[in-house]
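Q: Questions regarding the structure given below will be posed in turn.
None of the figures in this text is laboratory data; all of them are computed from the coordinates on show. Quick caveat, the model's predicted, so the values are computed rather than measured. We place every Cβ from the backbone using ideal geometry, glycine too, and count neighbours over all the protein chains shown.
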Amino acid sequence: MRRVEYWTLVLFEGELTFSAAASVTRLSDDSIAESAQSALNLFCSLALPSLTLLSAAFLNHVMKFLKIFALFLALLTAVQAVQQPSFHTKGTPTGKATGPLKPGEYWWKPELSPSGPLVVLVSIPEQTMHVYRNGILIGRSSVSTGSKGHATPGGVFTILEKKQEHYSKKYDNAPMPNMQRLTWTGIAMHSGNLPGYPASHGCIRLPFDFSQLLFSATSKGGTVVVGDGKTPVPHLASNPGLLLAPKDFTPEMLHPLAHNEYDWNPDRSPSGPITIVVSAADRALYVYRNGNPIGRAALEVNGRGRLGEQVFSLLEGTTGRQSLLAPGRSALRWMSVSSGASAEKVASRLRFNPEFASKIYDIITPGTTVIVTDQPVVRNRGNAAILEG
C-alpha cells in the first residue's frame, strides 16, 4: 500500500518550515492567515503528495518558492485591505509648502518634525488642511468640505474613532477609507472625491493618498480645528450639554464657586486626552478628560478688553522661564492655533488657585488643548460655548 503525506508550510516566529501537518499557524495577521491558509492548503493538496520520496534539495527549492508565495499573499492582502474607490481622488504630491493647491494636490514632509503632538487645521473658505506636529508644519492638502445645506461645522474637535475601512450607514453604504470620526452625528475626515469646491454631506474629504498618510500620523484623541475664516479662528462647536451633562450629573457640579475655590475629581475619568476651557463670562476654568469634567476653579481676569476666542495646543518641552500660573514649575510651550494673543500674554491676565494650577500641571501632556472664550460654558438659551467631544 502506497503511503501519502500532505505537507504544509508553517510560519513560526518569523521562520518558514515544512511540517507533516494540516494547516498554517502563527501568522501574525488574521486576514493574511486566512488567505494564506486557503491558498497553501490547496497548493499542498494538489502539488505536494508523496513528497517523502523527493530529495531534501528539491524540498528546499519548494520551501523557498512557498516563502516568496506567502510574502506575496501578505502584500496582496495588505493592499486589498484599503483599496482606493475608483471615483475617489488619488492625490498628487507637490514640492511646495506654501501657495495655492489644485484639487487633489498635497504636500507631506513628516521628517521635519518626527515626534510630538499633532494638530490638524482645516480652512473651509480656502478648502485646505494644514497639519502641524510639535508646532511645525509637516503637511497640507486640498480638501472638499460640506456643500450648501450640508455645511461642515466649524469648531474644535477630538478624533473619536479611526477605521481604515469604513462604509457610510447613512449614504448608501458609500466607502469612506481612512475614516477619522469627529462627531457621533456623522462628521469625519476620510478619502473622497475632490471636485475643487465644497461637495460633501458635511465630512472633510481628502485625496486618497493623503488620507493614508494622515491616518498613519494621527491618534485617537487628537485635536482637529475647523475654521470658518481664512485663518482658522474657530467658534466652539455646538452640541448642547455634551460635556456638561455627564451620566452622574448633579446640580452641585455647577454651584457658584467662591474666590479661590475649586473642585477636583480626577477619578471621574482616569485616562484620556485633556481639554481645558477658560470662560471669561463664567469667571471659571473647566478641565475635561476624555470628554468628562474632572475639575473646575474660580477665575479672575485682569486687565482691559476681551480675552477673545482662542485655541492653544501643548507642545513638547519648556521655555526655560517660570510658569506664571503654577508656582515653582517651568513654563510650558504652547502652539497658538488662532491668530490672537500668545499663550503667555493670556496667562498673564488669569488668576486662579495655584494649588489647582499645580494639579493641572501634573496631568497635562503634549497635545492638551486649551480653549479660551468670552462666552459662557454653562448653556443659557442656546448661546454658549460647548466643546464638541
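Q: Let me know the charge dipole size of segment 251-373 about its Cα centre in debye, to the nearest 20, where only the beta-carbon of Lys, Arg (+1) and Asp, Glu (-1) is charged. Please report the intermediate quantities before stating the final value.
A: On the way: 13 positive and 11 negative charges, 81 e Å.
Approximately 380 debye in magnitude.
Q: If you don't mind, there's one more thing I want to ask. Place a +1 charge on the Cβ of each Lys and Arg in segment 133-189 and a -1 charge on the Cβ of each Asp and Glu, then give the dipole magnitude about the Cα centre in debye, rounded to the nearest 20. Intermediate results must be reported in sequence, preceding the final value.
A: Working: 8 positive and 3 negative charges, 21 e Å.
Computed about the Cα centre, the dipole is about 100 debye.
Q: Only Cα pairs under 8 Å and at least 6 apart count here; give the relative contact order of segment 251-373 as a rounded whole percent. It would help to have the intermediate numbers written out before the result.
A: Working: 240 pairs, mean separation 36.9, N = 123.
For segment 251-373, the relative contact order is 30 percent.
Q: For Gly202, which sequence-distant residues (separation of 5 or more, or a different chain) have an amide H within less than 5 Å of its own amide H, given hydrogens modelled in the peptide plane?
A: Correct list: Gly146, Ser147.
Q: Along its three principal axes, how long is segment 251-373 when you only count alpha carbons? Whole Å, largest extent first please.
A: In descending order, the Cα extents are 38, 34, 27 Å.
Q: Counting C-alpha atoms alone, how compact is segment 92-227: give Rg to one decimal and Dmax as a whole number, in angstrom.
A: 13.6, 40
Q: Taking the Cα centre of segment 92-227 as origin and charging only Cβ (+1 Lys, Arg; -1 Asp, Glu), how large is the dipole, in debye to the nearest 20?
A: Working: 13 positive and 7 negative charges, 28 e Å.
Roughly 140 debye for segment 92-227.
Q: If you don't mind, there's one more thing I want to ask. Once you wrap a convex hull around the alpha carbon atoms of segment 296-340, what is its projected area averaged over all directions, in nm²?
A: Numbers: hull surface 17.8 nm².
One quarter of the hull surface, i.e. the mean projection, equals 4.4 nm².
Q: As I understand it, the dipole of segment 251-373 uses +1 on the Cβ of Lys and Arg and -1 on the Cβ of Asp and Glu, about the Cα centre. Which of Ile363, Ala341, Trp264 lies farthest toward its positive end?
A: About the Cα centre, the residue reaching furthest to the positive side is Ala341.
Q: How do Tyr132, Tyr197 line up, fewest other C-beta atoms within 10 Å first?
A: Numbers: Tyr132 22, Tyr197 10.
Taking fewest neighbouring Cβ atoms as first place, the list is Tyr197, Tyr132.
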